[in-house]
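What follows is a set of notes on a single structure, which appears directly below.
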Amino acid sequence: MAQNLPYQALKDAPIEIRRAATIALVCSSFTRALGILFSTIIIATLPTWVPGLLAYQPFPIALLVLTVGCVIVSGKGARIREEIASREFEKARGSSLSTAVLGFILAGVIPGALYFFLYMKIGNVMVKRRPDDPKTIYLLPHPSEGLFLGRYIGWGVAYLLVLYIGYTQLPTGLRSVSDWLSPVLGVHFNTLIVAVYLIFTNPLTYPPVLQLWVMAGLLGGIIAGGRVGRGFMVGLAVFLSTLGAMGLAALSIFRGISSGNIPGIPPPPAGFSLISAATGPVASDLLPLFLQASSPTDPAFLLSVTLTLARNAGLIFAIVTITGRAACLGWQGGIDLVKYVFVAIRGKPRLTAKQGIIDRPTLKTAILLLMLLPFFAVPNASVAHSIDQAPPADKYEQQLAVALDMIGAPNVTLEMTNLDLSNLGLTVDNNYAGATVAAFIVNNNDSQPFGNSQQNQGQFLQAISQPALITYFSGSAKATSAQSNAIESQFSQAFEMPFTTIFSLPMGQGGSATIYAPNPELSNYDALTKLLSLLPSQSFSTLINSSRIQNMKYFAALGIVPISINGIQVTTLSFYMHIQYPRQYYKGGIHQLDLKTLLGFPNNIVGAPGANVSLVTMNFQHGTILYSPLFPNPFYINATSSYYLNVTSSSQPDLVANFAYPFAPDIVIQKTITPTIGPVGTTHTVVVTIQNLDNVTVTNASASDPEAASQYLQTLQTSPSGTQTAQSPTLAPNNTLTMSYTVTAGSSGIYVLSPSTVSFAWLAPNGTTITYSVSTDPVQVDSLSGPWIQFTRSFTDFQPYSYLLLIPLLLTPVIETYRLFRRRAQRKREKQLLAMSAPPHTTPAPPSDLPKTPDSPAGPPPPSS
């Protein structure tokens, strides 16, 4: 009789035992997946699940019980499988029955049914067992361990991918906040914003974050390979690393604030928009909670914010770990597929250990490329906006004001009051009571939309560079919310698009402002075109060409606008627009004024039949001499150099006149930065040039540049420091006066450098000296940072604590190497056990060379003679 075999591989076990072990594995895996599903549902509904659980509602309690039950039941499946492999069938059968009962009670019906089916399969094995069966212990197979240092490499690659995409693809709103505050709070604020975007964005409502974390999980899991747990660990490590980067950045900012190194917050740079920041990721989840809260310190509001952020972070954690597990499963499936294809091609029944097909780098590379291929194709979508023409309105007043300053730069203001747009749904009713501003605005980088008369509103509107509906009431947001929402409904009907509430802000003297954004978002060009289409068809608004002024600075508003006529506040429905045109170089002498050509109007300036008053006003620099115009109805006030023209009933095609303009020298002032964009630490050269392109000499030319506001000087190094000046007693024709300095940005973000002021004088032929003063536009330095800059800065700024960051980087390869040798030693011992348990090989007897005796008939042998 053959010797009993104490150890064998599970694949050599009888089919009944193999099936029972497989069913145990399926039960454990399915129950674990079901537990992950239930826990993900809890995370996705966390803001409502926690209050429901505290209120003892049945559904939250059932989800909690099912999750805990699946965790308990799934862990028993692995132990039952080991008991089956060890031929402890009685113990395995009892465990499967108790687990089935737990599954029916705690984990739902399906896990209980699966474990009950396993219970019956183990019973079948016990029925077919015979007393003389060998007491063999079957060794469970070891799943592939993947690449050596695969988890380490997968974590590094996935983490760098997440950071790179986070830094380079940061949404516009969060990017604008980072560019605004990073020069003051330091480079770590950019990392804080990126980490907040990556961790606390809701992936279910913002697909780019969902795609990023899915790609990170799959990439890290594929590189790690092997067991499913390796993909989970890679996803967990990437998530915790991003969370750690956010914590370190917050610590650095807190240290700077607590030490008093933050001098103040500068004004936002050009192009900054509160709407982009408020409608972007993270803020779009928190602002609705803020609008519904009675106070920012309300415990219910703080709990809602905490649960919302925890939900978003939990969903990110679930996505990256689940996709990491799925990638490892795909890796194992790909290895099995390669084995099968290789066997089919080579025509061999199986692969031996010496062939080492899974260790060939070419096949692993091919698998990686094949599984990554679907992620390189991301479709793009575009949205088109239709423009509708509004019907003509009732009687109104319109005034077009044009002003030419000392250097001939036209500024145009169009005011249309007493508009009747009731056919569009816009009616000034009781909902407008107490509203200082209730208008749809389009602000294209106009720093003073209402001049100096409405400075507070101008500063507020400057921060809104995207089309928006704004209501500004004298009461609190809670008291005026119904009125504000009613106004929003009117504008939604007029513009034929919904508006989304962005946020409400408390303003000075107990007032409040509520901001609404159109949905979908509109560009300034599309919004201005849409707004102009609502105005009367034959009004002065037809003179404005949206495409011509789209690169100029302008501001437009429709609604209750803070404008006044003769000192009286206008409370009717109005349209207001301000446009800054480029400088016109007028020489001394008589000029022909053609307003249509000067401002690029597509139509002639004529009165509108639906307007009570159509007035054109031109303000000139003092000393300008106006001559008789070419048509008979002008009115000129010499004391203020103003020119009034009533075109209400005029058929004249345009405003045309002759005038003598005071000489304005063609002096060009420029402030340039080279380069304008660069990584943190780049030295930027600032040059201020004053060029005399005229044929006359100017005197007392001087330039002054304060470099930058004090808020930037903590992170901006200037050389030489302080206000820079340059003087020249005379500046002859074709000569240039220059001054320069350098700035080095120590943080990421946008540094807005102060304008340079240039003054010069010109002696007129009559002996009068005219002094001119010109300021340049503010210029910006765009400083960029990425993952590598952030890592090196963190390592430098947090010394000596930053040396602790090197511990996981250095210990991980050592630990992985130790595990590799330990796994190899374990498998070597198992092979030795299998070799010792193998039956001895018997050599068959050689064939006999003796001749075979002939067959004899049956019966006794014949007697011998």
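Count of region 538-551 residues, restricted to those that are in contact (Cβ under 8 Å) with a residue 24 or more places away in the chain and either within 17 Å of VAL647 (Cβ to Cβ) or open to solvent by less than 30 Å² (accessible area, probe 1.4 Å) (or both), is 8. Scanning region 435-446 for residues that are within 19 Å of ILE579 (Cβ to Cβ) and open to solvent by less than 60 Å² (accessible area, probe 1.4 Å) turns up ALA439, PHE440, ILE441, VAL442, ASN443, ASN444, ASP446.
Within region 226-251, residues that are touching a residue at least 24 places away in the same chain (Cβ under 8 Å) reach partners that are open to solvent by less than 40 Å² (accessible area, probe 1.4 Å) and not in a helix (DSSP H, G or I) with beta carbons closer than 7 Å, at six or more positions or on different chains, in the pairs GLY226/SER144; GLY226/GLU145; GLY226/GLY146; ARG230/GLY146; LEU248/PHE798.
In region 415-434, the residues that are open to solvent by 20 Å² or more (accessible area, probe 1.4 Å) and part of a loop (DSSP other than H, G, I, E, B) reach residues that are small (Gly, Ala, Ser) and at pLDDT 90 or above with C-beta atoms within less than 9 angstrom, at least six apart or across chains, in these pairs: ASN418/SER574; VAL428/ALA438; VAL428/GLY559; ASP429/ALA486. State which residue pairs qualify: first residue at pLDDT below 70 and inside region 436-454, second residue part of a strand (DSSP E or B) in any location, beta carbons under 6 Å apart, and separation of 6 or more residues or different chains. Short answer, once both residue conditions are applied: PRO449/PHE555; PRO449/HIS578. Somewhere in region 26-37, is a residue in a helix (DSSP H, G or I), open to solvent by 30 Å² or more (accessible area, probe 1.4 Å) and touching a Lys or Arg at 6+ places or on another chain (Cβ under 7 Å)? There is no residue in region 26-37 that is in a helix (DSSP H, G or I), open to solvent by 30 Å² or more (accessible area, probe 1.4 Å) and touching a Lys or Arg at 6+ places or on another chain (Cβ under 7 Å). Looking for something open to solvent by less than 40 Å² (accessible area, probe 1.4 Å), under 30 Å from LEU25 (Cβ atoms) and of a type in the set (D, E, K, R) - is there at least one such residue anywhere in region 139-150? Yes, that holds for at least one residue. Restricting attention to region 504-524, the residues that are surrounded by 15 or more Cβ atoms within 10 Å (Cβ to Cβ) and not hydrophobic (A, V, I, L, M, F, W, C) add up to 8.
Cβ-Cβ distances below 7 Å connect the following pairs, each with a first residue in region 288-316 that is farther than 13 Å from ILE42 by Cα, a second residue that is open to solvent by less than 40 Å² (accessible area, probe 1.4 Å) and outside any helix (DSSP H, G or I), and a separation of six or more residues or different chains: PHE290/PHE503; LEU291/PHE503; LEU291/SER504; PHE301/ALA293; ILE316/PRO203. Screening region 553-580 for residues that are open to solvent by less than 20 Å² (accessible area, probe 1.4 Å) and among the hydroxyl-bearing types (Ser, Thr, Tyr) and picking the one that is farthest from the chain's Cα centre (by Cα) gives SER574.
The residues of region 187-236 that are among the basic types (Lys, Arg) and buried (at least 24 other Cβ atoms within 10 Å of the Cβ) amount to a single one, ARG230. Out of ILE677, ILE667, one residue alone is open to solvent by 20 Å² or more (accessible area, probe 1.4 Å), modelled with pLDDT of 80 or more and not acidic (Asp, Glu). It is ILE677.
What residue, of LEU198, LEU212, LEU240, is of a type in the set (A, V, I, L, M, F, W, C), over 19 Å from the mean Cα position of the chain (by Cα) and over 30 Å from PHE555 (Cα atoms)? Just one listed residue meets the conditions, LEU240. Among the residues of region 324-348, those identified as in contact (Cβ under 8 Å) with a residue 12 or more places away in the chain and open to solvent by 20 Å² or more (accessible area, probe 1.4 Å) are ARG325, ALA326, LEU329, GLY330, GLN332, VAL338, LYS339, PHE342. Restricting GLN717, GLN670, GLN691, GLN711 to those that are closer than 26 Å to VAL781 by Cβ, assigned to a helix (DSSP H, G or I) and of a type outside the set (A, V, I, L, M) reduces the list to GLN711. Applying the condition of being in a helix (DSSP H, G or I) and of a type in the set (Lys, Arg) to region 334-355 and asking which residue is modelled with the highest pLDDT yields LYS339. Looking at region 239-247, is at least one residue part of a helix (DSSP H, G or I) and hydroxyl-bearing (Ser, Thr, Tyr)? Yes, that holds for at least one residue. I'd like to know if region 163-171 contains one or more residues that are assigned to a helix (DSSP H, G or I), farther than 29 Å from GLU816 by Cα, of a type in the set (Phe, Trp, Tyr) and under 12 Å from the mean Cα position of the chain (by Cα). Within region 163-171, one or more residues are assigned to a helix (DSSP H, G or I), farther than 29 Å from GLU816 by Cα, of a type in the set (Phe, Trp, Tyr) and under 12 Å from the mean Cα position of the chain (by Cα).
One residue is enough: does region 30-48 have a residue meeting the conditions without any contact (Cβ under 8 Å) to a residue 40 or more places away in the chain and either touching a strand residue (DSSP E or B) at 6+ places or on another chain (Cβ under 8 Å) or within 27 Å of LYS11 (Cβ to Cβ) (or both)? The answer is yes, given that some residue of region 30-48 is without any contact (Cβ under 8 Å) to a residue 40 or more places away in the chain and either touching a strand residue (DSSP E or B) at 6+ places or on another chain (Cβ under 8 Å) or within 27 Å of LYS11 (Cβ to Cβ) (or both).
Inside region 262-294, residues that are open to solvent by less than 30 Å² (accessible area, probe 1.4 Å) and either part of a helix (DSSP H, G or I) or at positive phi (or both) make up a count of 7. Whether a residue is outside any strand (DSSP E or B), modelled with pLDDT under 85 and over 30 Å from ASP594 (Cα atoms) was assessed, and ILE387 passes this test.
The residues listed here are LEU97, LEU114; of these, the one that is without any contact (Cβ under 8 Å) to a residue 60 or more places away in the chain, closer than 28 Å to LEU34 by Cα and assigned to a helix (DSSP H, G or I) is LEU97.
The values are calculated or read from the model by the stated rules, or taken from the named source; none is laboratory data. Remember, it's a predicted structure, so these values are computed and weren't measured experimentally. Positions of Cβ are generated from backbone atoms using ideal geometry, with glycine treated the same way; all protein chains shown enter the neighbour counts. Areas reflect the complete protein model, heavy atoms only, side chains present, ligands, DNA and RNA absent. Shrake-Rupley method; radii C 1.70, N 1.55, O 1.52, S 1.80 Å.
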